[in-house]
Amino acid sequence: MRAAADPAAPDRIRAEIAARQRFLITSHAQPDGDSIGSQLALAFALQALGKTVRVVNRDPAPPAYFAFPGVDGIEIAERVEGDFDALFVMECPNLARTGVANLERYFAINIDHHAGNEQYGAVNWFDETAAACGEMVFDLVDGLGSPLDRRVATHISLAILTDTGSFHHSNMTARTFEICRRVVETGVDPAAVAGLVYDSASVGKLKLTGALLHAMTFEAGGHIAVLYLDDEMLRASGSAPNDTEGIVNLPLSAREVHVVVFFKPQADGRVRVSLRSKGDIDVRAIAARYGGGGHKNASGFTVEGDLAILRSAVLDHVTRALHRPDETRATP
Ligand SMILES: [Mn+2]
């Protein structure tokens, strides 16, 4: 059962926006298209109302998003100082997930569409039926009274395109397409947005993709694809660690692959594990065992520990989640 939104929350948030002037916006560490799009859509909408806005993230946006308006204005920091009348937190189950310190003292407005949100805000708006946090931001700014700005619409488009896996995941609804219709009406070219996101990678990323797929292994009779990134692959391809964005989805294009597990050792010695699945296979529940989160078909977590032991334990959980793989071949 998906938890629907508190219908009063958007009005409450709009009242807080009207009453306040200086805003800080943040999202989770290692931001994705939905976090960048949701943050900047809201930032441009608030600026149009004459508000002061700073967007601060723990990590830079993936390189493919640098061409989107406002991305160059995002501040990268581990800690925030200064006076703000309110803090918007997008897509975070708790403040720790931002990776940014010192946020506890602000009036937090928590906007999220992931199960497991800890309701840490002064205002909490949670809607698990939204395909992207960007859908919620669209509803919020649509009710602010000013015309839908094209830069706002561009970022809503980025958020929805990426969080639906380019219109591929089971989270899409009629509302998703209604918002897309409104976005295109502002003059946004959806093919141009998709081109920036999916057709603008570096040659290094292409080589890295090849190396990862070449080294890919299979478990459970080919139903689980396992990807592993190491420093040698990064060096040989000449790409950056955040160039791996999106690669985890590729093995799902094979019919027999139902789950992808991607192990990425981090600079601090921990291991980032990303999980993707088809149909009813719930990989969020597996990530939750390790303190992570996400969605049924797309989740992840970061842990310390020995890679071989972790690999075996995670694959064990995934194999058990695979109980009826035939049912995952969805019919339209
Ligand atoms: Mn999201």
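Residues of region 215-237 being polar (S, T, N, Q) and surrounded by fewer than 16 Cβ atoms within 10 Å (Cβ to Cβ), which ones?
Once the filter is applied, which keeps residues that are polar (S, T, N, Q) and surrounded by fewer than 16 Cβ atoms within 10 Å (Cβ to Cβ), region 215-237 yields only 217.
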Matching residues in region 270-328 - criterion: being in contact with a helix residue (DSSP H, G or I) (Cβ under 8 Å, 6 or more places away or on another chain) and of a type in the set (Asp, Glu):
280, 282
Scanning region 108-133 residue by residue, those more than 12 Å from the ligand (Cβ to nearest atom), in contact with a strand residue (DSSP E or B) (Cβ under 7 Å, 6 or more places away or on another chain) and touching a residue at least 40 places away in the same chain (Cβ under 8 Å) turn out to be 109, 116, 123, 124, 125, 126
Odd one out for residue 294, checked against (1) over 16 Å from residue 319 (Cα atoms); (2) surrounded by fewer than 21 Cβ atoms within 10 Å (Cβ to Cβ); (3) not basic (Lys, Arg)
(2)
Which numbered condition trips up residue 212, out of (1) at pLDDT 95 or above; (2) more than 19 Å from residue 251 (Cα to Cα); (3) crowded, with 17+ Cβ neighbours inside 10 Å?
(2)
Taking region 168-194 and keeping only residues that are modelled with pLDDT under 95 and loosely packed, with under 14 Cβ neighbours inside 10 Å, one is left with 168
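Residues are listed down the side, and each one gets a yes or a no for (1) assigned to a helix (DSSP H, G or I); (2) at pLDDT 95 or above; (3) more than 19 Å from the chain's Cα centre (by Cα):
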{"residue": "3", "(1), (2), (3)": "no, no, no"}
{"residue": "16", "(1), (2), (3)": "yes, yes, yes"}
{"residue": "25", "(1), (2), (3)": "no, yes, no"}
{"residue": "29", "(1), (2), (3)": "no, no, no"}
{"residue": "35", "(1), (2), (3)": "yes, yes, no"}
{"residue": "41", "(1), (2), (3)": "yes, yes, no"}
{"residue": "44", "(1), (2), (3)": "yes, yes, yes"}
{"residue": "53", "(1), (2), (3)": "no, yes, yes"}
{"residue": "56", "(1), (2), (3)": "no, yes, no"}
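Taking the conditions exactly as written (surrounded by fewer than 20 Cβ atoms within 10 Å (Cβ to Cβ) and of a type in the set (A, V, I, L, M)), does residue 130 satisfy them or not?
When the stated conditions are applied, residue 130 does not pass them.
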Residue pairs, Cβ under 9 Å, 6 or more apart or interchain, first in region 75-97 and farther than 19 Å from residue 112 by Cβ, second within 16 Å of the ligand (Cβ to nearest atom) and polar (S, T, N, Q). List them.
75/57; 76/57; 77/57; 80/26
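The values are calculated or read from the model by the stated rules, or taken from the named source; none is laboratory data. Predicted model, so just to flag it, every value in this text is computed and none were measured. No Cβ is skipped: glycine too gets one built from the backbone with ideal geometry, and neighbour counts run over all protein chains shown.
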